[in-house]
Structures are given as structure tokens and as C-alpha cells.
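See structure below.
The values are calculated or read from the model by the stated rules, or taken from the named source; none is laboratory data. Since the structure is predicted, the reported quantities are computational estimates derived from the model, not experimental observations. All Cβ positions, glycine included, derive from the backbone under ideal geometry; neighbour counts span all protein chains shown.
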Amino acid sequence: MINLFNYIEKESPIHRLTGATKLVCLLLWSFAAMSTYDTRLLLLLAVLGIALFPVGRIGVRDVSFMLWFTLVFLVLNTVLVYLFSPQHGTQVYGTCTYLFGFSGHFAPTAEQLFFQFNYILKYFATIPFVLLFVCTTNPSEFAASLSRIGVSYRVSYAVALALRYIPDIQKQYHEISQASQARGVELSKKASLTGRLKAASAILIPLILSSMDRIEVISNAMELRCFGKNKKRTWYMAQRFRAPDYLCMLVCLLLLGASIALTYVNGSRFYNPFQP
Amino acid sequence: MTDVIVEFNDLGFQYRAQAKPTLYTIHLTVRRGEKVLIAGPSGCGKSTVANLINGLIPFSYKGEITGSVRIGGRETGEQSLFDISHTVGTVLQDSDAQFVGMTVAEDLAFALENDCMPQKEMKGRVREIAKILDLEEVLRHAPSELSGGQRQRVSVGGVMASDVDLFLFDEPLANLDPKTGKQAIELIDELQKRTGAAVIIIEHRLEDVLHRYVDRVVLMNEGRIVSDTAPDRLLSSALLSECGVREPLYLTALKYAGVKIREEMHPASLPELSLTEGEKEQVRRFFLENRGKGEKETRPELLTVKNLSFTYEKSHRKALRDLSVSIREGEMVAVVGTNGAGKSTFSKVICGMEKEDAGEILFRGRDFTSLSIKERAEHVGYVMQNPNQMISKVMIYDEVAMGLRLRGVPEEEVRVRTEKALEICGLYRMRNWPISALSYGQKKRVTICSILVLEPEMMILDEPTAGQDYRNYTRIMEFLRSLNQRGITIVMITHDMHLMLEYADRAIVFSGGRIIADKSCARVLTDRDVVERASLKETSLYHLAELCGAPDGTEFVQSFIDYERAHERA
């Protein structure tokens, strides 16, 4: 079983930041990385993002599943971009420099390779930061900070609660699927597509039914302990904004500023080394 | 401040969707400092009484109330659910679902958060409660990292945090192993002594609750209060068996021996039970007369496991260590031990749901490990604890036929075999009913039937009677016994010591992934070392034997079992 929402409890400067700070930083950072194709800034973001991993005490092993997943996707994406528009770089940069003596529609050009290099760099600028966010943000504290930045506490608690019950539901799914396999439900690749769809229903129906029972019990348990009594509630896990929080948000804001400024200076979203 | 916390006056209640009232003319008063047990069979209305006390009726479940319900001196209709929850703290049956927070600390703080207590004060309060309940070490742990007993303590702590006047425990013993259950009852007792609040326990396992003193037992049946009196008086009457609630086992033994239960004996508490010399003599004589009548025969081995080991891949936890055991044809065996001792893992490895690291599994002497999960199911059927986790069809007939249809059996043969299985399970008449119309016990029967249709030689059942009252328990167990008499070998994973004593030929005791005992139930439940290591509970019969000066406690228990089985079958 794979744990998708992998908060890893550790003691680090990044863990100590509030969830709201990290969310704001994530948004600013992603905007910065998305709005530009400027190689210099993307390189900076990628290096910075990866450099934050040791700061947050998160190892490559902790995120290996997500990392593999993105890498596969990245390779696939790169190949497809090349296959479908091998001349895109030429259009973007306005010059055409054939490499290795080939020519023609699918021939490699310096512009295309540079464009795709930037494209890959964009992944490296954003993905590490997203992974870091997921690994270092405690769901309850995150819920607390969501409500601080104005989201209704019912909504933020629902988020936290969903995260709380995901492992339980995974476990149940596993048990139910084992029991139905014993009764003859075929889940392996041997079965046809319709067969597998039927098999999925044989597992999902009991899963949904037993989850419904649970929801009733949980909502009663919450009401009996006064959930929803007041317009506001306090949070055990809430954290105060401190100097590092403001500092991080400021840095991310500056990065976004730099990204917008570069677009203005370059005259487009691209940094163009091909034209003098 | 009033002393009366709960006051029901001529109360009746009917759920909106139901044709008949659930409660009739209930009069009930509970005062500060009292400890009251509400007992009765499933469907007697005791859960409805609980919902009326904690305010879920009328605020979450709708229906018509007649008469008056006063909580903390005011009618519930005039208060809000939140007002009531400051007077009544409810600990729900499923302590897992009660656990709302991500960690222990957050769960303890949950009610305080909702009351907008400032964080600093809240942290102090949480620390205070954690100290009382001995949870300081685990404050940052998630629910899945806790033992059953710790989880129960967190549930209690979460309610304690808001200083209530009444603690309401809804079936606190369900899902707990015997030793943890005993500790839960002790915890409730200490909690009451510490806070001076009133306590109401809703539970049908009378003997376990009476482990500690209670002031009154309110016995309910069919929506009415049948009796509301001191436990000693109730136990000396015949009301319990009339209502289908099980009396303590030591009292059953006394009755078998011909001893009449009198109030002055203090029948509610075994340590205080006082018998005359004549009565003790009666018990000893009963024992001698019924001693050693059980006959022994050895049948061929059906399942043989040799040096089996298993490790969970993800957590690297060694769940089974070098197990060797054999189960003979036609046996009815109990598998017992704490949660996490390896009982369920063992059955999953047998059924092929998990793959062993090392060891042999032989079925009728042939290698079992090379068979797929589907092929093994035709020899060994596995029935999960919660029937809702197994049911995926709308109609009973289709559910039972599913396993055959998936195996591509011709429809004509499916019909014959399904009808036969339905017949055996007593479901034939209901075959065209939707499953949603069935009670929990009937659903259980459907899931057993849907396994039985594959005609396995052996069945493994996980907690076949968890959460069932005595009547349902007896029905399910008698049904399993009848299957056993048809030649199906039955293996039951259970926490229920009564079940084990009454129905199992033998107990296999798990602890820390090993089998620490494999012998008759009477021997297991009188072996102090095994009982301690596997979190079981010594049977009260053993203490009765000591009290009466019977020469051999283990044999005394055995003769009781033999007598009861011979007696019931006759």
C-alpha cells in the first residue's frame, strides 16, 4: 500500500513554518515558475527547491514513489512534445540552427533542444517544492491555518478529517478485495475489461456501504462533542506567524516579482540566447 | 444545581420511520454519584434510551416523544444538543470512530477547541487529562499506533475534558479483548470515584460489568423497563433468563449443582459471594459426579502447518514466527490472543491472501501453498467480522450464488447448490428478499451461507458473534455447531471467553506471532501464565472451584463444560 499524503514528522525549520505560510509560498512559487521560461530563473528555482530538501530533512527515499511517477510522466511528455511539434523551438526563438548535419521536419535544432530543456527545467522548479510541501505540512495544523486565512472551519476540518481516514479506508479496501478474491472475483490482468469493472463493483459496494455506517457514527461523535456550536473554534495545533514565516513569504513574493520583471525585460516569457 | 441528572417521566418514543413505538412508559432517575447499568437484549430499546439521554434524540434522530425527559433539570427539547453535551459525556461503542483528531492530543482537545478555549489553557488541560489517564507518552501518536486499551482511554479523556456531570458508556466492552475489557471497567470505576459524576453503562455483558460495584441494574425488554434494582436482588430472580440476558457463569454452575441463588449470598460479586458449607458440598458433589466423562477420539489431520513465518512487507513487522499447528477433521477450534498477536494474519496466510516467507501448509497432506486464493477458497472459506464488508449484491439469492457464478458453474447447478445452502442456513424462505431488510445477525448468516455454497471442508470465522446479544449469539453459535455436525471443520477467531468454553473443543493461543498454548479450553483458561500473556481472563468458574474447595480447578471447569453440552444437546 502506498501512502499518498505523506506527512513525515520531523524537527526542521521548514516543519516549524505554519501551514498557511507554506501554502502561500507554494502558490507564489508556482506562479513564478509557471509564468516564465527564463532559463536563469528556472535554474535558480530548481536549485533552490532541491536545496530545501536537506533543510527540511526529507530524503529522496521518502518521496521516491512520487518522484518516479513524475519522472515517467516527464519523459513521456518530452517525447510527445518532440513528436508532435519538433519545430516549436524554432517558432519561439525565431532562428533555426540544425545540429549534427541533419535537416528536415524532425531534425534536431538547437532551439528545440533549448526549448525542451527549459520545459524540463520547469518541472524541476515546481515538483520538488510541491513534494516538500506535502511532506512537511501537518494536516491538522494545515486545517488550522486554512481557517486562519478565512476558509470556514467546517471546510478545513473536513480536509483534515479526510486525511485522517484515508489510511483506514485503504486498509478496508485491501481487506474487502482479498475477501472477494477468495469468492472468485478476478482482479488480475487475466480478466477482461468488463470482468474487471464488475470486480471493482464487487469491492466498491461493500466499501461504500461500510463507509456510510462510519460517517453516521463519526458525525454523531463530533456533534456530541460540540462540533459546530460556535461560529469559530480554536485549534490545538494552531501556530502563530513568526519572523521566518514573513521572511519566507517575502522571498517567494520577490521570486514572483523577478519572474514578472524578467518577462518585461525579455519582452516575452522566453529568454533568448540565439539572437544577439 | 440539582442532584438529579437524568429524569424520565412516563416516557414513550417512536422513531419517525417505524410503525411501532420503541419505548413505552419509561420511568428512570439517575442522581449524581450513582453508577447504573442498563442491560437488555438487542432491540430492547437501551440504545434509544442512550440517545434520549445524550440528546441525539431529538436533535439528530427524529421521532415522537411523549412524557418528559429532563437532563440536568431541564427538558431536552428546551436545550440544544450542545447544552446537553456539557452535562452528558458520551463514549460511543466504536472507540475507533469516536477518535476524531489526528493525534491523541488533538482528540483530547476536540471538545475544548469547539468551545473556543484559548490555546494556552487548552494545552494545560490536555496535559492534565493525559496525566490522569496515563497517556502522556503517546500524546503525539495517531490512533492506528495505539492499543485497544489506550484508544478506550482516549475516548474517555475526550469526554472528561469538558467536566460533565454524567458519563454515558454505550457498550464499552465491544471489540475489546478480555483483559482490556476488565481494565476498561476498572477505569470507569476510578473515573467515577475521582469525579463524583454519575455513570450509566449500557452493556449486555453483565458478568464483565459486575467486575466492579454498580448501584443498580436497569433491565429492559421490548421497550419497557422490566426491573430497576440492586444487582444482588436481580441476580436472585429469574428475570434475566426471561429477557435473554446471560447471567454470570458461576451462577449457572451453582444452579446446575442445585444451589438456589439468594440475595443474601451477594451473587453480584464473586469475591464477596458467601456460600454455606452445605452449598459448597453440593458444588463439590456435582463436580465429582460429572467428572471425566468426555470421550476422546483422534481424527485424521485436515490442515497441517509447519514452521510458518510471515513478515509484513511495509512495516517489516514479523507477524508470524515459526508456527506449527494442526487442525483435525471435524474439529471446532478457537483461536485466541490479543489484537496484533497474529490470529488474523494466520488465517490470511492460510487462505492465500498473504504469502508466507517460509514454512509448509498442507491440506489433507497435499501442498496448499501452490494453490491460488480462489482455489484455496474451495477448501477453506473465510468469513470476515463485519458482514457489510462482504455483501455486494442486492438480493440474498444473488449474493449466495455469486461465488458459483464467478466460477462459471452452469446456472442449473448454481440453483441446486444455492438452494441447498440457503436451506441449511435457514434462509430459503427469504431467498428473494433484499439484504438491506435483514438484521445484523441475519446478514452474518448470509455471508456464512455465501461461503458455504462453495462447499469448503473448513471455515475460518473472524469474531463470529462480536457485538451480539445472548440470544443472537446462541443462534449464530448453534448454527455453526450444526454446520460442524455436518462435518465442516470450524475455526473461530474470538475474544469471547464464553464462546470458547461453550463451543470450542480446543483453543490455540497466539501471542507475539507465536503459538503459546494449544490445549483444551478448560486448561487454557485456568493457566495463569497463558491467561496473562495472551490478555485473556480466567474464567469465574475457576474461582468458584477455589471458593468451594474443589480439588482440581481445571477439571472442575471441564466437567462444567461437559455437563452443559450434554445437558443442552439432550
Given the conditions (1) within 9 Å of chain B (Cβ to nearest Cβ); (2) surrounded by fewer than 14 Cβ atoms within 10 Å (Cβ to Cβ), and given that A:Ser180 satisfies all but one, which numbered condition is not satisfied? (2)
May I ask you to say which residue of B:Val509, B:Val530 is under 20 Å from the mean Cα position of the chain (by Cα) and within 21 Å of B:Gly181 (Cα to Cα)? B:Val509
Please tell me if A:Ile203 is farther than 30 Å from B:Asp163 by Cβ and at the interface with another protein chain (Cβ under 7 Å from one of its Cβ atoms). no
Residue identified as in contact with a strand residue (DSSP E or B) (Cβ under 9 Å, 6 or more places away or on another chain), surrounded by fewer than 19 Cβ atoms within 10 Å (Cβ to Cβ) and hydrophobic (A, V, I, L, M, F, W, C) among B:Leu219, B:Leu239: B:Leu239
Where the second residue is aliphatic (A, V, I, L, M) and the first is under 14 Å from B:Asp96 (Cβ atoms) and lies in segment A:152-169, which pairs have Cβ atoms under 6 Å and are six or more apart or on separate chains? A:Arg164/B:Met102
Every residue from segment B:374-399 that is within 17 Å of B:Val453 (Cβ to Cβ) and either more than 10 Å from chain A (Cβ to nearest Cβ) or part of a helix (DSSP H, G or I) (or both): B:Lys374, B:Glu375, B:Arg376, B:His379, B:Pro387, B:Met395, B:Ile396, B:Tyr397, B:Asp398, B:Glu399
The condition of being hydrophobic (A, V, I, L, M, F, W, C), part of a helix (DSSP H, G or I) and either within 12 Å of chain A (Cβ to nearest Cβ) or touching a Lys or Arg at 6+ places or on another chain (Cβ under 9 Å) (or both) holds, among B:Ile476, B:Ile448, only for B:Ile476
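Quick check on segment B:124-143: of everything there that is in a loop (DSSP other than H, G, I, E, B) and within 14 Å of another protein chain (Cβ to nearest Cβ), which residue is surrounded by the fewest Cβ atoms within 10 Å (Cβ to Cβ)?
B:Arg140
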Taking into account only those residues within segment B:400-431 that are away from every other protein chain (no Cβ under 14 Å) and in a loop (DSSP other than H, G, I, E, B), which is farthest from B:Met477 (Cα to Cα)? B:Pro410
Number of positions in segment B:84-120 that are in contact (Cβ under 8 Å) with a residue 60 or more places away in the chain and of a type outside the set (D, E, K, R): 11
Looking at segment B:174-188, I want the residues that are among the β-branched types (Val, Ile, Thr) and have a partner that is at pLDDT 90 or above and part of a loop (DSSP other than H, G, I, E, B) with Cβ atoms under 6 Å, at least 6 apart or on another chain. Which pairs are those? B:Ile185/B:His211; B:Ile185/B:Arg212
Taking A:Arg16, is it over 30 Å from A:Ser268 (Cβ atoms), assigned by TED's automatic domain parsing to the domain that holds A:Ser268 and more than 19 Å from the chain's Cα centre (by Cα)? yes
Out of segment B:87-114, which residues are more than 7 Å from chain A (Cβ to nearest Cβ), modelled with pLDDT of 90 or more and assigned to a helix (DSSP H, G or I)? B:Thr87, B:Val104, B:Asp107, B:Leu108, B:Leu112
Taking segment B:539-554, which residues are over 25 Å from the mean Cα position of the chain (by Cα) and either of a type in the set (A, V, I, L, M) or surrounded by fewer than 19 Cβ atoms within 10 Å (Cβ to Cβ) (or both)? B:Ala545, B:Glu546, B:Leu547, B:Gly549, B:Ala550, B:Pro551, B:Asp552
